[in-house]
Amino acid sequence: MRTVGAPGLPATRRGAASVALRTDRHPLIERPRLHALLDRAPAHRVVAIVAPTGWGKTALLRTWSQACGAPLVSLRGAPVDADRLERALAAAHASHPHAPAIAIDDVETLSGPGLASLRARIARRGTPLVVAGRTEPAIGLPRLRLHGDVLELRAGDLALTEVEAAELLDLLHVPLPAPDVERLVARTEGWAAAVRLAAASLAHAPDAGRFLEEFDGTDRAIADYLTDEVLATVDADTRAFLLSASVVDDVCAELAAALTGRDDGGEVLDRLELDRGAFACILGGTTLYVMAANWGPSGVSDGVVVTAPAPAGPA
């Protein structure tokens, strides 16, 4: 990645917050309905975007920040301490002092001191923050909710609509007729990662209709993605629990205990839902957890990257 200076902000040395031109080989769609929600950031102290991997959090932040001129701070790799976070946010503010908000991606990587620094910044009522991560950040959201100071977006909000999925498929050069798009969105529940993976396979599928009929969470591309994004990020004990419980599509606490031989199956499932964003639903008073192998989607560097959007060109 080439580090460059942005207007009002010089290039920085290695290890400090950097301003970088970020390129993405994946085409991104504009999502006006979600941009409109993020545009409401100045009316709140925080906008929190919380969803599991692959739901389009980063893509949304990138397209929105470019559209409105908000700097984007991306936290990657090793935990970022409070000092580095403050330097990154100060650099972001210096680059665009009149931006409507500062966006922070990968907020789940922050540790205790970094989260404390973020809470202090929120308490000072400075520039509003738009934070995104796989798990709910410990930044005082309950109190913010109580006072109406937070706007929250979850996986259900990020799910692709049929119109958005069709636009994405067109960008990926895999256009589908409307009934097939409807079927794909229904099978994936709008999970953007699954739609992209399906598109990659559809490009070589001789019969799109049959492929869509058979496409599900057992598809090899989906399995590989979940292995890299979910199983590779949990400890060995949790990995063993998931593998033992994944022989069924849906699992409750009692069934998890029977499958894994552990008395704490319910506690592990609750922790996974909180920490990893696993899907859960309540049916007949019993909480069921949809395992990642079905449809529950449960770039690493060592620095902090601040993306300062390029000035808007002439209309």
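The values are calculated or read from the model by the stated rules, or taken from the named source; none is laboratory data. Just so it is clear, the structure is predicted and the values come from calculations on it, not from any experiment. Every residue, glycine as well, gets a Cβ built from its backbone with ideal geometry; the counts of neighbours run over all protein chains shown.
For the range 16-24, check the following and say yes or no: at least one residue is assigned to a loop (DSSP other than H, G, I, E, B), among the acidic types (Asp, Glu) and modelled with pLDDT under 90.
Taking the range 16-24 first, the residues assigned to a loop (DSSP other than H, G, I, E, B) are 16-17, 21-24.
Subset that is among the acidic types (Asp, Glu): 24.
From the residues that got through so far, the ones that are modelled with pLDDT under 90 too are 24.
Within the range 16-24, one or more residues are assigned to a loop (DSSP other than H, G, I, E, B), among the acidic types (Asp, Glu) and modelled with pLDDT under 90.
Could you tell me whether the range 139-154 includes any residue that is charged (D, E, K, R), assigned to a strand (DSSP E or B) and under 30 Å from Ala116 (Cα atoms)? Walk me through how you get there before you give the answer.
Within the range 139-154, the subset charged (D, E, K, R) is 143, 145, 149, 152, 154.
If we keep only those that are assigned to a strand (DSSP E or B) as well, we get 152.
Those still in the list that are under 30 Å from Ala116 (Cα atoms) too: 152.
Yes, because at least one residue in the range 139-154 is charged (D, E, K, R), assigned to a strand (DSSP E or B) and under 30 Å from Ala116 (Cα atoms).
Which of (1) in a helix (DSSP H, G or I); (2) touching a strand residue (DSSP E or B) at 6+ places or on another chain (Cβ under 8 Å); (3) of a type in the set (Ser, Thr, Tyr) is the odd one out, the single condition Thr127 does not satisfy?
(1)
Over 21 Å from the mean Cα position of the chain (by Cα), assigned to a loop (DSSP other than H, G, I, E, B), buried (at least 19 other Cβ atoms within 10 Å of the Cβ) and not acidic (Asp, Glu): does that describe Leu212? Don't jump to the end; show me each part of the working.
Values: over 21 Å from the mean Cα position of the chain (by Cα): yes; assigned to a loop (DSSP other than H, G, I, E, B): no; buried (at least 19 other Cβ atoms within 10 Å of the Cβ): yes; not acidic (Asp, Glu): yes.
Considered against the rule, which asks whether it is over 21 Å from the mean Cα position of the chain (by Cα), assigned to a loop (DSSP other than H, G, I, E, B), buried (at least 19 other Cβ atoms within 10 Å of the Cβ) and not acidic (Asp, Glu), Leu212 comes out as no.
Against the condition more than 17 Å from Pro52 (Cβ to Cβ), surrounded by 13 or more Cβ atoms within 10 Å (Cβ to Cβ) and in contact with an Asp or Glu (Cβ under 8 Å, 6 or more places away or on another chain), how does Val150 come out, does it pass? Give the steps one after another, and end with the answer.
Values: more than 17 Å from Pro52 (Cβ to Cβ): yes; surrounded by 13 or more Cβ atoms within 10 Å (Cβ to Cβ): yes; in contact with an Asp or Glu (Cβ under 8 Å, 6 or more places away or on another chain): no.
Spelling it out, it is not the case that Val150 is more than 17 Å from Pro52 (Cβ to Cβ), surrounded by 13 or more Cβ atoms within 10 Å (Cβ to Cβ) and in contact with an Asp or Glu (Cβ under 8 Å, 6 or more places away or on another chain).
Working only within the range 129-142, note down all residues that are touching a helix residue (DSSP H, G or I) at 6+ places or on another chain (Cβ under 7 Å) and either polar (S, T, N, Q) or modelled with pLDDT under 95 (or both).
Just the residues of the range 129-142 that are touching a helix residue (DSSP H, G or I) at 6+ places or on another chain (Cβ under 7 Å), to begin with: 129-135, 137-140.
Passing the criteria: Gly133, Arg134, Thr135, Pro137, Ala138, Ile139, Gly140.
Output the residue which, of all residues in the range 227-251 that are closer than 18 Å to Glu108 by Cα and aliphatic (A, V, I, L, M), is modelled with the highest pLDDT. Explain how you work it out, then say what you get.
Step one: of the range 227-251, the residues closer than 18 Å to Glu108 by Cα are 228-235.
Restricting the remaining residues to those that are aliphatic (A, V, I, L, M) gives 230-232, 234.
Details: Val230: 64, Leu231: 66, Ala232: 66, Val234: 70.
Looking at the filtered set, the residue picked out is Val234.
Considering only the range 120-130, I want to know if a residue exists there that is under 30 Å from Arg271 (Cβ atoms) and surrounded by fewer than 17 Cβ atoms within 10 Å (Cβ to Cβ).
yes
Which ones in the range 69-105 are in a loop (DSSP other than H, G, I, E, B), surrounded by fewer than 23 Cβ atoms within 10 Å (Cβ to Cβ), touching a helix residue (DSSP H, G or I) at 6+ places or on another chain (Cβ under 8 Å) and not aliphatic (A, V, I, L, M)?
Listed by number, the residues that qualify are Arg76, Gly77, Pro79, Asp81, Pro100.
Answer yes or no as to whether Ala203 is at pLDDT below 95, over 22 Å from the mean Cα position of the chain (by Cα) and of a type in the set (A, V, I, L, M, F, W, C).
Values: at pLDDT below 95: yes; over 22 Å from the mean Cα position of the chain (by Cα): yes; of a type in the set (A, V, I, L, M, F, W, C): yes.
Considered against the rule, which asks whether it is at pLDDT below 95, over 22 Å from the mean Cα position of the chain (by Cα) and of a type in the set (A, V, I, L, M, F, W, C), Ala203 comes out as yes.
Quick check on my filter: what residues within the range 143-188 are among the small types (Gly, Ala, Ser) and either over 30 Å from Arg125 (Cα atoms) or at pLDDT 95 or above (or both)? Step through it out loud before you land on a result.
So in the range 143-188, the residues among the small types (Gly, Ala, Ser) come out as 148, 155-156, 159, 165-166, 178, 186.
The answer is Ala159, Ala165, Ala166, Ala178, Ala186.
Just to verify a result, which residue in the range 106-118, among those that are part of a loop (DSSP other than H, G, I, E, B) and over 16 Å from Leu60 (Cβ atoms), is farthest from the chain's Cα centre (by Cα)?
If we filter the range 106-118 for residues that are part of a loop (DSSP other than H, G, I, E, B), which is where we start, we get 106, 110-111.
Narrowing the set further to residues that are over 16 Å from Leu60 (Cβ atoms) leaves 110-111.
Values: Leu110: 15, Ser111: 18 Å.
Restricting to residues being part of a loop (DSSP other than H, G, I, E, B) and over 16 Å from Leu60 (Cβ atoms), the top hit is Ser111.
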